1. Could you please rank B:CYS164, B:CYS426, placing first whichever residue has the fewest other Cβ atoms within 10 Å of its Cβ?
2. Using the beta-carbon distance between B:ALA208 and B:HIS144 and R0 = 30 Å, what value does 1/(1 + (r/R0)^6) give for FRET efficiency, to the nearest 0.05?
3. By what distance, in whole Å, do the Cα atoms of chain B stretch along each of the three principal axes, largest value first?
4. Please get the size of the charge dipole for the protein assembly as shown, origin at its Cα centre, with Cβ charges of +1 on Lys and Arg and -1 on Asp and Glu, quoted in debye to the nearest 20.
5. Gain in length, B:HIS161 to B:ARG68, computed as 0.36 nm per residue apart minus the alpha-carbon separation, to one decimal in nm?
6. Take every Cα pair under 8 Å in chain B that's 6+ residues apart, average their separations, divide by the length, and report that relative contact order as a whole percent.
7. Using only the alpha carbons, work out the radius of gyration and Dmax of segment B:351-500 in angstrom.
8. What average number of partner chain Cβ atoms lie no more than 10 Å from the Cβ of the residues making up A:36-43?
Amino acid sequence: MVPLYGFLEGDTLGLLVLAHDGMSLRELADRLRSAAIVRVEVTGDVVVMVRGEAADESLTVAEAGLRALDRFDVRRAPASAQGLA
Amino acid sequence: MLHREDWIDLARGLDWELSWATEEDVFPTAISGEPALPRAAWVSWEEPFRTSFREYVEMQAEKEAGVRAVREAVGRLSDAQALDFSWLNGVKLHSAMLPLAEFAAVVGNLRAARFGRTSAWRNAALLGALDECRHAQIPLLVMHDLVKWDRQFDWTHRLLHTNCWVAIAGRHLVDEMLLLADPIEFAIATNFVFETGFTNLQFVGLTALSDQVGDHLFRSMLTSIQTDEARHAQIGPPVLAVIAQHDPARAQRLLDKWFWRSWHLFAIVTGFAIDYLSPVDKRAFSFKEFMHEWVIGQYRGSLREFGLKEPWYWDEFVRSLDHYHHMVYASAYTYRATVWFDFALPGPDERQWLAEKYPASWHQYDGIWQRIAERWQATDPGVDFGVHGTSIVGFCHLCQIVLCCGTPERNDAVAIEHDGKPYIFCSEPCRWIFEQEPERYAGHRDLVKRVLAGEAPGNLVEMLTQYCGLTYETWGKDARAGSYPWMKRPPTPRRPGAGA
């Protein structure tokens with residue numbers, strides 16, 4: 001398991017997300033959205049940010065270079081800005 | 001008999017002329033603190049209000065009698081039960097943060113009473129230690145009366161003995177500031193920043209608020225404590241004056257470190273009470289207004305007096321007045337079972353008030369509360385875990401508080417690597433404090449690292465009960481079980497075949 005600090009745009013705190021090396025960034029983003037759902041619901045397309053840069057969602061956690069206790073962000077994609085509940 | 005004015009200066013200034021021991025023997029730098037200045041540097045040390053031991057005892061006896069009288073008059077269980085439910089939870093929060101921290105301050109004061117560099121300072125610190133004994137005892141006594149009604153009040157004594165995340169954060173601050181700091185750092189951190197800068201004024205603000213909500217016992221307790229604080233806080237400015245003159249860089253560094261650390265704790269304890277855990281119709285000011293009126297102007301003025309500057313992160317601090325306590329409250333509400341007091345859900349009136357008081361930022365929080373209210377509407381009253389987070393949250397490696405700096409749009413957390421190991425901080429100032437003394441902080445494990453190391457359970461309920469010392473009876477819940485008069489639940493569908 002790879003524990004990562006996830007920050008969802010619109011949320012009030014950082015959460016620990018347990019991932020694994022082969023998980024895609026899309027799955028990682030979904031896991032964070034699910035963990036934050038009591039406070040915020042982000043619908044529509046999102047962008048996963050790794051080290052401040054938008055990353056390809058099809059990359060795996062390992063391919064994106066994420067290591068234990070790294071930070072990643074999930075932000076609304078510009079086109080779905082209205083999707084933040 | 002001599003008049004007081006004829007002997008007080010002599011009595012408070014009995015510094016020995018050392019002959020067979022050196023200054024370093026008697027006041028080792030490792031304990032007395034840096035910079036190691038010659039005795040001559042301290043001769044001008046002067047406290048504004050001089051108190052003899054006799055005066056102290058007489059004054060304290062009167063104050064004790066005052067608190068006792070109020071407790072006898074309005075300290076009945078029924079008096080507490082008549083108070084607003086949200087306010088009572090602010091009292092639980094505030095009371096639990098006080099006594100054991102105050103007890104730790106006894107140690108800090110006693111260290112100064114032995115290793116402070118002038119007799120007048122040592123005398124003032126001795127009285128400060130006696131003050132802090134009272135401040136540990138009074139809340140323990142007052143809140144103990146309420147334990148038989150509500151076990152959460154037991155956390156007045158229990159909190160800092162547990163592994164609740166607030167206790168871990170509290171100990172991280174208190175251990176360094178009160179138990180470990182040398183007298184110079186103690187005086188600047190505790191007497192100047194924490195007491196003069198924050199808590200002395202906090203007591204004034206909370207006293208006004210407790211008056212508004214009719215909590216006369218809490219007001220009496222705060223007033224009694226505040227008058228002590230105002231006296232022993234005066235140790236800070238003359239110590240800072242000496243350090244600012246001889247080592248201004250150290251003075252500035254200590255101020256910047258402790259202002260940020262104090263701010264975080266203060267924002268939670270006082271920000272929650274003023275903006276969330278008090279009845280909205282009794283609120284005379286917002287937390288931000290309170291900070292501007294009572295803390296910011298006063299603190300900036302004090303810094304200028306000593307030729308020092310505002311902390312390098314001042315702009316970030318001012319911005320955080322619109323956000324930090326809102327970020328933490330919303331986060332803590334949705335993890336309320338991890339603490340020992342209940343939370344009030346801000347309803348339409350409260351949210352309207354907050355929108356008026358925080359026009360630049362509230363729109364970022366209102367949707368969160370709307371969503372939480374809607375989840376409660378879809379959940380049976382009292383089913384707290386239907387409106388509760390279950391994931392593990394991240395904690396700042398420095399302040400040990402949840403990663404809540406910045407705004408909902410952009411969290412300020414910073415992840416770094418130090419000596420090949422990962423660390424995360426809630427903010428740049430916390431990172432800066434860590435990097436000033438990494439050897440001091442690097443080895444401390446936050447709650448996440450304790451879970452990953454197998455020291456604490458990863459399952460939330462197991463963590464609460466087996467590691468944090470909470471029980472179903474004591475862990476935090478929604479103060480109204482999620483059922484508010486303004487909340488309209490959809491009618492419960494009747495089960496097929498159910499009787500009339």
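Bear in mind that the values in this text are calculations on the coordinates, not laboratory data. Fair warning: this is a prediction, and the values are worked out from it, not measured in the lab. Here the Cβ positions follow ideal geometry from the backbone for every residue, glycine too, while neighbour counts run over all protein chains shown.
1. B:CYS164, B:CYS426
2. The computed FRET efficiency comes out at 0.70.
3. If we take the Cα atoms of chain B, the spans are 98, 60, 42 Å.
4. With Lys and Arg at +1 and Asp and Glu at -1, about 1320 debye.
5. That pair, B:HIS161 and B:ARG68, stretches by 30.7 nm at full extension.
6. 16 percent
7. Rg, Dmax (Cα atoms, Å): 20.5, 71.
8. 5
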